[in-house]
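Remarks on the structure that follows.
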Amino acid sequence: MNVTVLGSGSWGTALAILLARNDHVVTLIGRNQDELLEMRETRRNSRYLPDFDIPETVAFEDFDHEPADVGMTIVAVPSSAVRQIVGPVRGRHPLVVVASKGLETDSGKLMCDVVAETLIGAEVGVLSGPNLAIEIARGIPTVAVAAFERAESADKVREAFMCRTFRVSISPDVKGVELAGALKNVLAIGAGMSDGLGFGDNTKGAFLSRGLMEMAKLGLAMGAKMETFLGPAGVGDLFATAASGLSRNYRIGRELGEGKTLEAAIEKVGQVAEGVPTSHATGMLALKHGVEIPVFAAVNAVLTGKVQPKQAVGMLMERTSRMGDFV
């Protein structure tokens with residue numbers, strides 16, 4: 001199959017490597033001409049995944065390129081850039097897989113909705129799960145969920161990605177899979193803060209369990225299914241992201257917990273951490289659907305500079321306990 005991957009960062013490159021290893025012909029599309037030229041010459045992405053050879057069946061192009069006979073298109077750019085990048089993309093893209101994990105900052109829209117608005121006529125779904133880019137490039141076993149309204153499309157995506165180290169299940173719950181992948185990034189920042197503050201596993205376990213419940217409550221209010229949040233796309237992705245030093249969002253949170261400013265933390269991590277802009281958009285969604293999310297609100301209060309990380313913990317610990325907090 002001819003596959004186009006939009007986004008040549010670590011995530012897009014890892015997915016391109018995986019698909020090429022599965023014998024697909026891949027076009028990896030990026031914005032930085034110098035980086036694209038270097039990748040053509042060295043078959044390496046020296047900035048994001050320097051230790052991995054990119055198969056010869058991967059071509060490198062910029063966004064002026066018009067791919068032909070595209071069987072599947074993968075969107076793997078930061079969520080804040082999806083509308084800007086996908087809108088003017090050239091060629092026909094009948095089947096689009098959103099691999100970006102975030103919400104549109106100003107509107108709170110899910111990425112599938114943004115893509116559907118910009119690529120009229122495309123069938124749009126999502127691929128998500130506990131999928132750290134460097135581990136996928138290493139071939140370390142993991143799973144993912146392909147969610148589309150039509151089972152036939154989900155099956156096509158599953159067949160394209162499936163291999164002995166990357167198991168894919170399918171789901172009709174597009175909204176739940178996508179929402180889980182976006183919101184866990186915010187919780188991963190909070191988990192990193194907890195570790196940066198020097199708190200133990202008890203604290204982080206309490207934080208993540210409450211956050212997972214809030215994530216599911218918001219999802220249910222938006223029409224998602226509870227089982228999605230209890231599976232690989234929900235709790236699986238959350239635990240991988242919130243406990244790994246490979247996670248940008250966890251690393252941002254840890255830097256904040258150790259006393260750095262948000263700007264300094266972002267500069268040190270050096271890559272986009274989706275949880276930062278998604279935090280604000282999550283609050284918009286919760287307000288719209290009438291769902292209380294105090295854990296997410298505490299993380300957002302730190303990110304917006306309203307409170308220090310230690311104060312945010314106090315906000316949660318001093319909050320009056322209610323049955324819904326613990327069930």
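The values are calculated or read from the model by the stated rules, or taken from the named source; none is laboratory data. Note that the structure is a prediction, hence the values are computed from the model and not measured. Positions of Cβ are generated from backbone atoms using ideal geometry, with glycine treated the same way; all protein chains shown enter the neighbour counts. With ligands, DNA and RNA removed, areas are computed over all heavy atoms of the protein, side chains included. Shrake-Rupley method; radii C 1.70, N 1.55, O 1.52, S 1.80 Å.
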Quiz item: Nearest 20 debye, what's the magnitude of the dipole of the range 214-295 about its Cα centre given +1 on Lys and Arg Cβ and -1 on Asp and Glu Cβ?
Solution: 40 debye
Quiz item: Any idea of the accessible area per residue across the range 26-73, 1.4 Å probe, to the nearest Å²?
Solution: 54 Å²
Quiz prompt | Cα centroid separation, the range 226-263 to the range 35-68 (Å) | solution = 28 Å
Quiz prompt | Label point 7 Å beyond Cα of residue 246 along Cβ direction - residues of the range 112-153 with amide nitrogen under 12 Å | solution = 130-143
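At a threshold of 8 angstrom on Cα-Cα distance, excluding pairs fewer than six apart, so keeping six or more, what relative contact order does the chain reach in percent?
Details: 659 pairs, mean separation 47.8, N = 327.
Reported as a whole number, the value is 15 percent.
How much length would be gained if the chain were fully extended between residue 66 and residue 25, taking 0.36 nm per residue of separation minus their Cα-Cα distance, in nm to one decimal?
13.3 nm
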Quiz prompt | Kirkwood-based Rg to Rh ratio, the range 200-327, C-alpha trace | solution = 0.94
Quiz item: Rounded to the nearest whole Å³, what is the per residue volume of the convex hull around the Cα atoms of the chain?
Solution: 123 Å³
Quiz prompt | Nearest-ten-degree value, helix 10-21 long axis tilted from longest Cα axis of the chain | solution = 40 degrees
Exercise. Mind checking the per residue accessible area of the range 158-243 for me, 1.4 Å probe, whole number of Å²?
Key: 37 Å²
Quiz item: At a 1.4 Å probe radius, carbon and sulfur cover how many percent of the accessible area of the range 218-279?
Solution: 57 percent
Practice problem: Return the distance in nm (one decimal) between the two label points of a simple spin-label model at residue 90 and residue 261, each offset 7 Å from Cα along Cα→Cβ. | Solution: 4.2 nm
Exercise. Tell me what the chain gives for mean residue ellipticity at 222 nm when only DSSP H runs of n ≥ 4 count, each as -39,500 (n - 2.57), the sum divided by the residue total, rounded to 500 deg cm²/dmol.
Key: -14500 deg cm²/dmol
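For the range 184-308, calculate the relative contact order in percent as a whole number, restricting contacts to Cα pairs under 8 Å that are 6 or more residues apart.
Rounded, it is 38 percent for the range 184-308.
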Quiz prompt | Principal axis box of the range 48-205, alpha-carbon based, largest edge first, Å | solution = 53, 38, 32
Quiz item: When the accessible area of the range 1-152 is split by element with a 1.4 Å probe, what percent falls to carbon and sulfur?
Solution: 46 percent
